[in-house]
Structure formats: structure tokens, C-alpha cells
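Following: one structure in C-alpha cells, then a few remarks.
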Amino acid sequence: MTTTLTTRSGALADGFPLGTMQFGGRADAVESRRMYDAARAAGLNHFDTAVRYTQGEAEKLLGGFVRPERDKIFLATKVAYAGGCGRENIRAQFDVCRSQLRMDEVDLLYLHRWDNETELEETFSTLAELQEAGQIRHIGVSNYAAWQVMKAQAVAQSLGTRIDVIQPMYNLVKRQAEVEILPMAMDQSMAVCPYSPLGGGLLTGKYAAGGTGRLTEDPMYTSRYGQDWMHKAAADFAGLAREQGVAPATLAVAWVAAHPAKPRPIISARSAGQLAPSLAAIGFDLSPELYARIAALTPTPPLATDRLEEQ
């Protein structure tokens, strides 16, 4: 059974998390508030942020929105994208998180990426101490390979704790997680909160229609989604969405959520209007036949073994 995430008041936090990477940046304070309110109106209670999002403005805004109803919200943040996963850096960045959020604790603290230089015992003993002090409830990792998760999990368990949540990249044109990460999560009863279900906006259809955004303005996203086959798949996907009479963003989020690992895709946008199609994926009835048609638009990643005769 997948790890159960609950708010401090005991409500399940099993819906889609709202990601706040654009709060205080592409989304100003007013639009960020509108997105928060739209998410709450849709029944969402899980919010995801990070210490470095928009130079700290994301945490400052989200903290202000959450505080009046703190016990009803499942709050996740991330540290150690930069500076490594040593004790001093984790604690220093988490102190910044708490200052920006104006809160003493969070429900879930992720390590933002793998650190090959720091001993895992130092990293996870630090997280265990924060947990013991009541400053975090759950431990998560983001951008880890499956072998890295399992190596870290062994150390965490030796310290009397565990990794409860993983946050990989996963969408229709980025399917590597299907090979080992998602099966591992199912085996280990880890909750999966994948980011970028819309492929940086590629799967909304706007780029096929000549639109602009992160894929045309941000070199990182241009590189990440720059292969011709991805744009061809996105155009075909938009056509399938039109055939079904549904927004491509709705279908993209619903497809990620329909994987057997039961992922909880992190949805995000720069306005409430842009967020609406992703919110519409909540409860969307994606048939097995439509799921398969969508999956067929992009290459299924090869299995983790060459012994295909044993599959």
C-alpha cells in the first residue's frame, strides 16, 4: 500500500499537489492567490514549493496563503539543489525555508537532487533529527535515480526512518521513470509526486500553434524538450485531445495520474486561467483504451534488462 499522506488535521492529501515554482515570478502575488484559491476550491490540499523558487518569493507568498488554515494543508518544500546535502547546508537552507514560510515546520521535506560528495549517513541523520524534533513529518527525494533512492533508503531505515515520497520528472515525452523508478515506488510503498506532467507546456498544444513560453525563452527547457520527435508527438497528442473534445492539458495530467503506481502529478501554471485545464483532470475518467492510444504516441522506454525472453 502506498504511503498515506495526511494533513495535520487528519485529512488525506491524495489529490494533485499544486506546484508554486511560478509564484512571485511569472505569476504575481494576485495571480498566485487566485491559483491557490482555485486549487482549494477544487479540493486540493497539497502544495509544493522550494527554498530557491523565485528567489524565495514563492515560499513567502505560499506561507501567507497557508497560515490561516495551516492544519488543513499538506505543505512540502525542497532544499539542497545547490550546496550539497551536508548537515550544515540542509539545516541552513531549511532555516531559510522556515523564515520565508514563517512557519516552524513542514509536512514533507525533499532533497532536491542527489549529492555524490556527501556521505548518506550524514544527510539522512540530519533529516532524522529534523523529524525527531517535529520540524518535518515526511522525508522525500527529487530527481534521484532508482538505485540512488534504494541506496538512500537503506541508510534511512538503518537510522529508524524512511523515504516516503519521491518526485521524478514524468510526462508523455519523458517516460524514463517507467523503467525502474515507478516500479520501485510501487514495491517500496512510496508515494510518487512527479513534476512537469505538461512537459514544460509542450503538451498543452500551444507551441504547435506557434505560441511562446518557457520552451522558447528558457535555454534549460529548450534543451530538455528540443527533440523533433517530442514536438511531433505533442502535435499528434493535441489532435487526439481535439478528437476527444478535451483540453490537451487535462488529458496530459490525467494520463500521468493513470499509471498503476498512482502518481499524484504536480500541476502548475502562471495564471488561474492557465491552471483550469489541469484542475479539470481531477476525477477525469481515462479509459484503458484511451490511455493506450496516448501511450502509443511516444516510444515506450526499453526494459531494465536485456533478458527479454524472461518477461
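What follows draws every value from the coordinates through simple rules; no lab data is involved. It should be emphasised that the depicted structure is a prediction, and the values quoted were computed from it without experimental measurement. Positions of Cβ are generated from backbone atoms using ideal geometry, with glycine treated the same way; all protein chains shown enter the neighbour counts.
Size of the dipole of the chain about the Cα centre, Lys and Arg at +1 and Asp and Glu at -1 on the beta carbon, nothing else charged, in debye to 20?
Working: 31 positive and 35 negative charges, 183 e Å.
That gives a dipole near 880 debye.
So what's the chain giving for Rg/Rh, alpha carbon basis, Kirkwood Rh from the mean inverse pair distance?
On the way: Rg = 19.0 Å, Rh = 19.9 Å.
We get a ratio of 0.95 for the chain.
Let me check against my output: what whole-number percent is the relative contact order of the chain, with C-alpha pairs under 8 Å and at least 6 apart?
Dividing the mean separation by the residue count of the chain yields 18 percent.
Pull out the extension gain between TRP229 and ASP95, defined as 0.36 nm times the separation in residues minus the alpha carbon to alpha carbon distance; nm, one decimal.
43.9 nm
If the chain between VAL179 and ASP218 were fully stretched, how many nm would it gain, using 0.36 nm times the residue separation less the Cα-Cα distance?
11.2 nm
Please give the length that would be gained between SER189 and GLN55 if that part of the chain were fully extended, namely 0.36 nm times their separation in residues minus their C-alpha to C-alpha distance (nm, one decimal). Numbers along the way, then the final one.
On the way: separation 134, 0.36 × 134 = 48.24 nm, distance 3.37 nm.
Contour length minus the Cα-Cα distance gives 44.9 nm.
Mind listing the Cα extents of region 1-167 along all three principal axes, in Å, largest one first?
Each principal axis gives a Cα extent; for region 1-167 these are 43, 34, 28 Å.
Highest first, please rank the peptides 218-228, 145-155 by the mean number of other Cβ atoms sitting within 10 Å of their residues.
Details: 218-228: 12.9, 145-155: 16.8.
Listed from highest to lowest mean packing, they are 145-155, 218-228.
Please report, in debye to the nearest 20, how large the charge dipole of region 91-172 is about its Cα centre when each Lys and Arg carries +1 at its beta carbon and each Asp and Glu carries -1 there.
Details: 7 positive and 12 negative charges, 58 e Å.
Around 280 debye, computed over region 91-172.
If I model a spin label as a point 7 Å beyond the Cα along the Cα-Cβ vector, how far apart are those points for GLN244 and ASP37 in nm?
For GLN244 paired with ASP37, the spin-label model returns 3.1 nm.
With +1 on each Lys and Arg Cβ and -1 on each Asp and Glu Cβ, how big is the dipole of region 1-167 about its Cα centre, in debye rounded to the nearest 20? Kindly include the intermediate steps, with their values, before the conclusion.
On the way: 19 positive and 22 negative charges, 93 e Å.
With only Lys, Arg, Asp and Glu charged at Cβ, the dipole is about 440 debye.
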